[in-house]
Amino acid sequence: MLALSAEGILPKVDYAIFADTGWEPKAVYSHLDRLEREIAKPAGIPILRVASGNIRSDALDPTRRFASMPLYIRNPDGKEGMTRRQCTGEYKIKPIKKKVRELLGYPYPQRIPKDVFVEQWVGISTDEFHRAKDADVKYMHNRHPLIDLGWSRADCIRYLTSLGLADTPKSSCLGCPFHGNAQWRHIRDTSPEEWRDVVEFDAAIRKGNARANADGNRLLGEAYLHRSRVPLDQAPIDHVTAAEWAALHQELGAEEDAEQWEEGVPDGCSPWTCRGEVRPHQDDFGLAS
């Protein structure tokens, strides 16, 4: 959408906002720098970077309140579950709302008049039109330009390729539990330093929230990043599922299940578009769930 705006295909936006969790892959930060240098600045579009903290360090700091990641849990009785996902709201949506209020001239807790609002673009394509929804505050009016253009995910990829941006990485936390096997393998095989980072983090969160542990309220079960609920460096990430084979043989715009649950959340983690709450129809071992 930034490139479409910069080229004049879409109206020129006033700002682009990137919500930084503090734990994105290096490739994402490098790509963001490139977008700013090659596309945003020449078009006169400021990219504002906002944050609520560093999700990795906050998770391991017993003195900090932590908005929980959706960790996979194995309880002592053998039952499995997940912790409640709060990270998107805390580390993505909250800092964007704060910045929007500042841009409007009504920082919290000032009341914003009914006729004062921003038009906020959300990058949902036609493949997922059912996910398009309004913001939960009146001073933000969501618009979905890709749907208005009739663009699918495949159209977006073709357009990015035409601009020399075919290598656009997915934005999501390095240690997001919603990564699929392909994403975990990519980290392990292409970035040893980042792989060590996520393996260390996975071991560190085994007993749950650091602050809860310090207060004597640690999880009864054990927490993991991988849905197999074994340590990440032992997890079956080399297992190629039926879903992955299907995704490899699908053209762009493949069926959602094949793409989402092997490669993880295809569109990464974006405000108002997180798909992590959807349950898979196939698990990592290719079995019906």
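The values are calculated or read from the model by the stated rules, or taken from the named source; none is laboratory data. Keep in mind that what you see is a predicted model, and the values were worked out from it rather than measured. Please note: Cβ atoms are built from the backbone with ideal geometry, for glycine as well, and neighbour counts cover all protein chains shown. Note: areas computed on protein heavy atoms with side chains; ligands, DNA, RNA excluded. Shrake-Rupley method; radii C 1.70, N 1.55, O 1.52, S 1.80 Å.
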Please specify each residue of region 54-72 satisfying the condition of being open to solvent by less than 20 Å² (accessible area, probe 1.4 Å) and of a type in the set (A, V, I, L, M). ILE55, ALA59, ALA67, MET69, LEU71
Any residue at all in region 42-53 that is crowded, with 19+ Cβ neighbours inside 10 Å and farther than 30 Å from ASP202 by Cβ? no
Conditions (1) open to solvent by less than 40 Å² (accessible area, probe 1.4 Å); (2) under 21 Å from SER172 (Cβ atoms): number failed by ARG153: (1)
How about region 223-248: which of its residues are at pLDDT 90 or above, outside any helix (DSSP H, G or I) and not aliphatic (A, V, I, L, M)? TYR224, HIS226, ARG227, SER228, ARG229, PRO231, PRO236, ASP238
Check on ILE9, farther than 28 Å from GLU193 by Cβ, open to solvent by 40 Å² or more (accessible area, probe 1.4 Å) and part of a strand (DSSP E or B): no
Just to verify a result, which residue in region 143-165, among those that are part of a helix (DSSP H, G or I) and among the charged types (D, E, K, R), is nearest to LEU104 (Cα to Cα)? ASP148
Condition check for ALA19: open to solvent by 60 Å² or more (accessible area, probe 1.4 Å), within 18 Å of the chain's Cα centre (by Cα), touching a residue at least 40 places away in the same chain (Cβ under 8 Å) and within 17 Å of GLU90 (Cβ to Cβ): no
Restrict the check to region 125-142 and report whether at least one residue is part of a loop (DSSP other than H, G, I, E, B), open to solvent by less than 70 Å² (accessible area, probe 1.4 Å), touching a helix residue (DSSP H, G or I) at 6+ places or on another chain (Cβ under 6 Å) and not aliphatic (A, V, I, L, M). yes
Within the group ASP115, ASP148, ASP167, ASP155, which residue is among the acidic types (Asp, Glu), farther than 18 Å from ALA6 by Cβ and at pLDDT 95 or above? ASP115
With the first residue restricted to region 172-187 and required to be closer than 13 Å to VAL240 by Cβ and open to solvent by 20 Å² or more (accessible area, probe 1.4 Å), and the second required to be of a type in the set (D, E, K, R) and in a helix (DSSP H, G or I), Cβ contacts under 7 Å at 6 or more apart or on different chains are ALA182/GLU244; ALA182/GLU262; ALA182/GLU263
What number of residues within region 64-123 satisfy the criterion of being closer than 30 Å to SER228 by Cβ, within 24 Å of the chain's Cα centre (by Cα), part of a loop (DSSP other than H, G, I, E, B) and touching a residue at least 60 places away in the same chain (Cβ under 8 Å)? 9
